[in-house]
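For reference, the structure is listed below as structure tokens.
The values are calculated or read from the model by the stated rules, or taken from the named source; none is laboratory data. Keep in mind that this is a model prediction, so the values were computed, not measured. Glycine also receives a Cβ, built like all others from the backbone with ideal geometry; neighbour counts cover every protein chain displayed. Heads up: the accessible areas ignore ligands, DNA and RNA and are worked out on the full protein's heavy atoms, side chains in. Shrake-Rupley method; radii C 1.70, N 1.55, O 1.52, S 1.80 Å.
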Amino acid sequence: MADKRIGVQKSLFSAGGLILLLLILVLLNFLLARVNLRWDATEDRLYSLSDSTREILTGLEQDVAVKVFYSQEIVNAPVQIKTYASRLLDFLAEYSFESGGRVSVEVFDPRPDSEEEEWAQKYAIRGIDLPTGETLYFGLVATAADQEETIPFLDPSREENLEYDITRIIARVQTAKKPRIAIISSLPVMGRAPMGFGMPQQGMAPWLFVTELRKTYEVETLPPTTDQIDAAIDLLLLVQPRGLDQRLLFAIDQYVLGGGSLLIFTDPLTVTDPQQGAADAQPLGPLFTAWGIGTSAPQAVVDMDNPTRLRNESNQIEDNPFWLSIRQNGLNPENIITSKLESLLLPVAGSIEKTADGPLTYEPLVHSSANSALADGFSARFGLGEVRRTFQASPDTYDLAVKLSGVFQTAFPDGRPSSTTAGENTEDAGQSAPVAAEPLRQGVKSATVIVVADADMLFDGYYVSRQNFLGFEMAQIFNDNLNFVLNAAEMLAGGQSLINIRSRGKFQRPFTRVQALEQKAQTRWLDREQELLQKIEATNQKLQELEKRKDASQKLILSEEQEAEIRKFQEEKLRISQELKVVRRNLRADIEALGTGVKLINIFLMPLVVCIAGIGYALYRRNRMRP
């Protein structure tokens, strides 16, 4: 009877324990669901908001509603979009949490013929037609008061810029006013006009950096004949200035003296538009002289340590030192414009140097390696042989982009120029120039000018590749040329909070150990291949020598010595081929062993840790229960 009662009590305790455990789990789940506990273990903290984003969220003046339009029910959606959508929603939850609820997130599934689909179309979110006949929507819109900004399609290839894109539109909807950027360019950066009737021609659209600037700024163009620059312009952008007359130079001078920001791209040789030929030697000569800088034009920088691998006219791959691939060791880590960048491509760039002591602060942003020199830019078009033969590295590096800041002095101490370019009617020039107040001879406040000794880096082909994805054009950025321009524009136009957000790191993590193993084995394989080729060449020469010693009657007959050489070569070739097979087999074995090790760690590491913890806890309990 007593045993029966004890059994019932055990059952009750066991059932009660399970119920109690269940209640504890429910309670913990309820409490933890209200707590944001996350650990971002990625090296670049890819899933955490930056301090700049937190700063913007803290200073929000208007509540922001972020509406995500995502076709969740489409089973046949591409896997990369499904994965990206999951990360996006997790990331937006961080915005809502960090803003204290001032950023709300709503998710809509725009099914066919639904109200959600109408809303998506109203916000200009474009659907992608899948091969199955379904339409996939994946975009978002941010709204605040009467302002709204839309991302029509969330491109998975822009995942590295996700935080920037979202934070930018959140900041953008806080105000109806956009900063103004004015562009003066001799290159068709704003696109070309159609040539007659017919299909649109390639290159008509504005360059991508202009399109990106328009997302944040009001972008306008100024003709090179202008003689006055509105002081209300937040940033003046000069792209390969050519043939600037004195009135425009004076207007630029006065704009900078008034505290205006200036961003200049000047190139010793424009490869983007070869018809233009070489640039003016010093298009901004008077201004540069007053600012204490000079350029190397028409000479370009040759950098043997930062070449770009290109295909030459003979269809051969070669490392071209005129095309500079500048990586982090050539970027200023202390400046916010370049600190987060990884690589820049500058085709045939010049250099900038400080020529005189002055009140301005001279700060290099991008520089070449120590294994560089100057050479005629035109020689880049006629092969690299002569350049390589005469190359002699300079003891110093060359500055490819610099930042000047401080109180500027005028380049026109005699006042407004009375005439323009040679041959122009002075009277007409005087009539077109409005009568202004007394010209400034010294800056009224500090200003900033950034000078880049290359303009080709702005061309789309040197930083973006385009692909057609289900009828939707996707842009793949492959270096930081665009980021450099946007960083500089944001800093100069006043919006510095976004700068530290961009270039958050790489989401793609290649198996570098595997690649190193492959490279090592390939190097050995190539060495053996070259050795074999050398032996073939030596054998051929030997055969030719034997051929010369034969008389006319023996031309078609192989001698014993020739047959022995050929047999020796064939045996050697067979031996090396077998050796190559061993090398390849060992290569595969190393890679497979590495993959097996990684797989075992992924599968058994966590269970092993749990088992060890459990055993440790059991031993601890056992020791405590001992008398």
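Which residues, taken from region 58-82, are among the hydroxyl-bearing types (Ser, Thr, Tyr) and open to solvent by 60 Å² or more (accessible area, probe 1.4 Å)? Even if it seems obvious, please write down each step before you answer.
At the first step, the residues of region 58-82 found to be among the hydroxyl-bearing types (Ser, Thr, Tyr) are 58, 70-71.
If the condition is that a residue be among the hydroxyl-bearing types (Ser, Thr, Tyr) and open to solvent by 60 Å² or more (accessible area, probe 1.4 Å), then 58 is the only one that fits.
Between residues in region 118-131 that are over 10 Å from residue 152 (Cβ atoms) and open to solvent by 30 Å² or more (accessible area, probe 1.4 Å) and residues that are among the basic types (Lys, Arg) and not in a helix (DSSP H, G or I), which pairs lie under 7 Å by C-beta distance while being six or more apart or on different chains?
Sorted first by the residue in region 118-131, then by its partner, the list stays empty.
For every residue, the table says whether it meets (1) without any contact (Cβ under 8 Å) to a residue 60 or more places away in the chain; (2) closer than 27 Å to residue 446 by Cβ.
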site: 264; (1), (2): no, yes
site: 267; (1), (2): no, no
site: 295; (1), (2): no, yes
site: 300; (1), (2): no, no
site: 310; (1), (2): yes, no
site: 319; (1), (2): yes, no
site: 333; (1), (2): yes, yes
site: 342; (1), (2): no, no
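Would you be able to say whether some residue in region 291-305 is surrounded by fewer than 16 Cβ atoms within 10 Å (Cβ to Cβ), hydrophobic (A, V, I, L, M, F, W, C) and touching a Phe, Trp or Tyr at 6+ places or on another chain (Cβ under 9 Å)?
Here is the first cut: in region 291-305, the residues surrounded by fewer than 16 Cβ atoms within 10 Å (Cβ to Cβ) are none.
No, every residue in region 291-305 fails to be surrounded by fewer than 16 Cβ atoms within 10 Å (Cβ to Cβ), hydrophobic (A, V, I, L, M, F, W, C) and touching a Phe, Trp or Tyr at 6+ places or on another chain (Cβ under 9 Å).
Taking residue 357 as meeting all but one of (1) over 16 Å from residue 307 (Cβ atoms); (2) at pLDDT below 90; (3) in contact with a strand residue (DSSP E or B) (Cβ under 7 Å, 6 or more places away or on another chain), write down the number of the exception.
(3)
Starting from region 365-382, take each residue that is modelled with pLDDT of 75 or more and list its partners that are open to solvent by 20 Å² or more (accessible area, probe 1.4 Å) and acidic (Asp, Glu), counting only C-beta distances under 7 angstrom and pairs at least six apart or across chains.
367/399; 369/305; 371/305
Output yes when any residue across region 317-324 is assigned to a loop (DSSP other than H, G, I, E, B), open to solvent by less than 10 Å² (accessible area, probe 1.4 Å) and modelled with pLDDT of 80 or more, and no when none is. Quick ask: steps written out before the conclusion?
First pass over region 317-324, keeping only residues assigned to a loop (DSSP other than H, G, I, E, B): 321-322.
From what's left, open to solvent by less than 10 Å² (accessible area, probe 1.4 Å): 321-322.
After this cut, where a residue has to be modelled with pLDDT of 80 or more as well, the list is 321-322.
For region 317-324, residues assigned to a loop (DSSP other than H, G, I, E, B), open to solvent by less than 10 Å² (accessible area, probe 1.4 Å) and modelled with pLDDT of 80 or more: present.
Report yes if residue 400 is over 26 Å from residue 80 (Cβ atoms) and at pLDDT 85 or above, otherwise no.
Details: over 26 Å from residue 80 (Cβ atoms): yes; at pLDDT 85 or above: yes.
The answer is yes for residue 400.
For residue 101, which of the numbered conditions (1) within 27 Å of residue 175 (Cα to Cα); (2) at pLDDT 85 or above; (3) surrounded by 13 or more Cβ atoms within 10 Å (Cβ to Cβ) fails to hold?
The failed condition is (3).
If you go through region 325-340, how many residues are open to solvent by less than 20 Å² (accessible area, probe 1.4 Å) and in contact with a helix residue (DSSP H, G or I) (Cβ under 6 Å, 6 or more places away or on another chain)?
1
Of the numbered conditions (1) closer than 30 Å to residue 531 by Cα; (2) open to solvent by 80 Å² or more (accessible area, probe 1.4 Å); (3) at pLDDT below 75; (4) charged (D, E, K, R), residue 571 satisfies every one except a single condition; which is it?
Checking residue 571 against (1) closer than 30 Å to residue 531 by Cα; (2) open to solvent by 80 Å² or more (accessible area, probe 1.4 Å); (3) at pLDDT below 75; (4) charged (D, E, K, R), the one that fails is (3).
Could you list all residues from region 247-276 that are at pLDDT 90 or above and among the acidic types (Asp, Glu)?
Within region 247-276, 253 is the sole residue that qualifies.
Of the residues that sit in region 187-202 and are within 16 Å of residue 239 (Cβ to Cβ) and open to solvent by 40 Å² or more (accessible area, probe 1.4 Å), which one is modelled with the highest pLDDT? Break it down into steps so the answer makes sense when it comes.
First, pick out the residues of region 187-202 that are within 16 Å of residue 239 (Cβ to Cβ): 187-192.
Those still in the list that are open to solvent by 40 Å² or more (accessible area, probe 1.4 Å) too: 190, 192.
On the way: 190: 89, 192: 72.
Filtering first and then ranking leaves 190.
Counting only residues that are of a type in the set (S, T, N, Q) and in contact with an Asp or Glu (Cβ under 9 Å, 6 or more places away or on another chain), how many does region 162-187 have?
Start the filter on region 162-187 by keeping residues that are of a type in the set (S, T, N, Q), which leaves 167, 174-175, 185-186.
If we keep only those that are in contact with an Asp or Glu (Cβ under 9 Å, 6 or more places away or on another chain) as well, we get 174-175, 186.
Residues flagged as of a type in the set (S, T, N, Q) and in contact with an Asp or Glu (Cβ under 9 Å, 6 or more places away or on another chain) within region 162-187 amount to 3.
Quick check, is residue 514 modelled with pLDDT of 70 or more, open to solvent by less than 100 Å² (accessible area, probe 1.4 Å) and in a helix (DSSP H, G or I)?
Numbers: modelled with pLDDT of 70 or more: no; open to solvent by less than 100 Å² (accessible area, probe 1.4 Å): yes; in a helix (DSSP H, G or I): yes.
Considered against the rule, which asks whether it is modelled with pLDDT of 70 or more, open to solvent by less than 100 Å² (accessible area, probe 1.4 Å) and in a helix (DSSP H, G or I), residue 514 comes out as no.
How many residues does region 104-117 contain that are within 33 Å of the chain's Cα centre (by Cα) and either open to solvent by 70 Å² or more (accessible area, probe 1.4 Å) or modelled with pLDDT under 90 (or both)? Reasoning before the result, please.
Here is the first cut: in region 104-117, the residues within 33 Å of the chain's Cα centre (by Cα) are 104-110.
When the remaining residues are screened for being either open to solvent by 70 Å² or more (accessible area, probe 1.4 Å) or modelled with pLDDT under 90 (or both), the result is 106.
Count: 1.
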